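Quick one: the structure is below, questions incoming.
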Amino acid sequence: ATGMTLTVRRKSAIAKDIALFELADPDGRALPAFEAGAHIALTTPNGLLRRYSLCNAPSDRQRYLIAVKRDEQGNGGSVSMVDQLTAGATVAVSPPLNYFPLSRHATRYLLLAGGIGITPLLSMVHELRARNADFELIYIARAPESTAFLDQLADPDLAGRVQVHHSHGDPARSFKLAPVLAEHAAGTHL
């Protein structure tokens, strides 16, 4: 499949060192469909090819939303995205691919996210809500200021389904995963 040239319709800082990009067709056409868990490959301003998970609802065909964490220790792709890519710019993007699909056959879903790893799971939350599925999201991050999408996850409709845990860098406050995994019954998709 050939790539697309999309326009950065909006860019916003959503947490410390994390930018949210809204990508759209320059002529307003619907974008290729995607499933929750999918990603796009994108050419960064410094010329690197990077994969970013789509974090919007799969039913939303007018835009792709990606969140990029600026990584000073990386090869420069994320730094060039956060520092140089601005609203109005165009980017070369691949059609969506999904190596991380949701099971269609589970009776329950347990989503575990760490840090910026929330992005594909946020798309899954949208999908599971649309399906009226039984799900729970546990989102583990260091500190509130560096945690993306806290506002969306505080939606009253998600009460009782989302648990956000901050360790504040203290190993004694790290999340205890074993008890959570032990209590989930057969038929749960992790």
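The values are calculated or read from the model by the stated rules, or taken from the named source; none is laboratory data. Remember, predicted model here, so these are calculated numbers, not experimental data. A quick note on method: Cβ atoms are made from the backbone with ideal geometry, for glycine too, and the neighbour counts reach across all protein chains shown. SASA here: full protein model, heavy atoms, side chains in, ligands and nucleic acids out. Shrake-Rupley method; radii C 1.70, N 1.55, O 1.52, S 1.80 Å.
Every residue in region 82-116 that is open to solvent by less than 20 Å² (accessible area, probe 1.4 Å) and closer than 15 Å to T7 by Cβ, please.
Quick first cut of region 82-116, residues open to solvent by less than 20 Å² (accessible area, probe 1.4 Å) only: 85, 91, 93, 109-111, 113.
Once the filter is applied, which keeps residues that are open to solvent by less than 20 Å² (accessible area, probe 1.4 Å) and closer than 15 Å to T7 by Cβ, region 82-116 yields L85, V91, V93.
If you don't mind, another one. Restricting attention to region 26-44, report how many residues are crowded, with 18+ Cβ neighbours inside 10 Å and either among the polar types (S, T, N, Q) or farther than 17 Å from P101 by Cα (or both).
Here the count works out to 3.
Say whether the condition of being part of a loop (DSSP other than H, G, I, E, B), at pLDDT below 95 and in contact with a helix residue (DSSP H, G or I) (Cβ under 9 Å, 6 or more places away or on another chain) is met by at least one residue in region 173-190. Lay out the reasoning, then the answer.
As a first pass, look at region 173-190 and keep what is part of a loop (DSSP other than H, G, I, E, B): 174-176, 183-187, 190.
Filter again for at pLDDT below 95, leaving 174-176, 183-187, 190.
Among the residues that remain, those that are also in contact with a helix residue (DSSP H, G or I) (Cβ under 9 Å, 6 or more places away or on another chain) are: 190.
Yes, because at least one residue in region 173-190 is part of a loop (DSSP other than H, G, I, E, B), at pLDDT below 95 and in contact with a helix residue (DSSP H, G or I) (Cβ under 9 Å, 6 or more places away or on another chain).
How many residues, within region 25-50, are in contact (Cβ under 8 Å) with a residue 40 or more places away in the chain and either polar (S, T, N, Q) or in a strand (DSSP E or B) (or both)?
Total meeting the criteria: 6.
What about I14, is it hydrophobic (A, V, I, L, M, F, W, C), surrounded by 19 or more Cβ atoms within 10 Å (Cβ to Cβ) and within 19 Å of the chain's Cα centre (by Cα)?
The answer is no for I14.
OK, next. Quick check on this structure: which one of T44, T90 is β-branched (V, I, T) and touching a Gly at 6+ places or on another chain (Cβ under 8 Å)?
T44
A follow-up question, please. Please find, within region 146-162, the residue that is nearest to the chain's Cα centre (by Cα) out of those that are over 13 Å from L121 (Cα atoms) and either surrounded by fewer than 12 Cβ atoms within 10 Å (Cβ to Cβ) or polar (S, T, N, Q) (or both).
T147
I would also like to ask the following. For L6, state whether it is assigned to a loop (DSSP other than H, G, I, E, B), over 30 Å from L177 (Cα atoms) and in contact with an Asp or Glu (Cβ under 8 Å, 6 or more places away or on another chain).
no
Take region 58-97 and flag every residue that is in contact with a helix residue (DSSP H, G or I) (Cβ under 9 Å, 6 or more places away or on another chain) and farther than 13 Å from E22 by Cα.
Listed by number, the residues that qualify are P58, S59, K69, R70, D71, E72.
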